[in-house]
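Beneath this line is the structure, given in C-alpha cells, with notes to follow.
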Amino acid sequence: MVRTVLASGVFDLLHPGHVMYLSEAKRAGGKNARLIVVVARDSTVRKVRNRGPVFNEEARRILVESLKPVYKAILGSERFSFEEIVRKVKPDVVAFGYDQERWMRDFLKTKKKMKWKIKAVRIKEFKSSPIHSSSAAVKKILKQDAWRKASG
C-alpha cells in the first residue's frame with residue numbers, strides 16, 4: 001500500500017535543512033511512501049514573514065519538485081485552508097517541521113473537528129550544517145556583504 005505524506009513550507013533559499021525535513025517527512029510514511037509538498041504562495045509569505053520571498057512561488061515549486069524525496073510539489077491556496085488541501089491531496093500522514101508548531105496545533109484542532117484519521121508527525125530540526133534555516137542563510141549573506149563593503 002502506498003501512503004501519501006503531505007509536507008509544506010516556504011522553501012525560499014533551499015538549504016540542507018529543507019532536504020532533511022523532506023527526507024524525514026517521506027520516511028514518516030513508511031516504505032514506498034510518496035511525498036506531496038505544498039509550497040507557500042508569495043502572498044502567504046508576505047503575510048507570515050512581513051517580507052516577500054527571494055524566489056517567486058513557481059520558482060520555489062520547481063526547485064522543491066526537483067528534490068529526490070519529492071513526488072510532487074503544488075502551490076498552496078491563496079486562502080490557507082487545511083480542509084482544501086486535505087480534500088485535494090488525501091494524505092495518510094501530515095509532516096510538520098520543527099518551526100511549524102502553530103500550524104501543527106491548528107491542524108490537530110481541525111483534524112479533531114473533521115474526524116480525520118490522518119497521522120501528524122513533527123520532524124526534528126537538522127543542525128549538522130551551520131546554515132540550517134533560510135533566515136540563517138540570509139544573515140550569513142548580509143554579514144558577508146557588510147564585510148565586503150567594509151573591507152573594499
For this session: For residue 53, work out the one condition from (1) within 18 Å of residue 18 (Cβ to Cβ); (2) at pLDDT 95 or above it doesn't fulfil.
Result: (2)
Problem set entry | Long-range neighbours under 9 Å by Cβ, at least six apart or interchain, first residue among the hydroxyl-bearing types (Ser, Thr, Tyr) within the range 55-75, second outside any strand (DSSP E or B) and modelled with pLDDT of 95 or more | 71/26; 71/33; 71/65
Exercise. Within the range 92-110, which residues are more than 15 Å from the chain's Cα centre (by Cα) and touching a residue at least 12 places away in the same chain (Cβ under 8 Å)?
Worked result: 92, 106, 108, 110
Seminar exercise, completed: Of the residues in the range 1-50 that are closer than 18 Å to residue 140 by Cβ and of a type in the set (D, E, K, R), the one that is modelled with the lowest pLDDT is 49
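The values are calculated or read from the model by the stated rules, or taken from the named source; none is laboratory data. Since the model is a prediction, treat every value here as computed from it, not as a measurement. Counting neighbours? That spans all protein chains shown, and the Cβs are built from the backbone with ideal geometry, glycine included.
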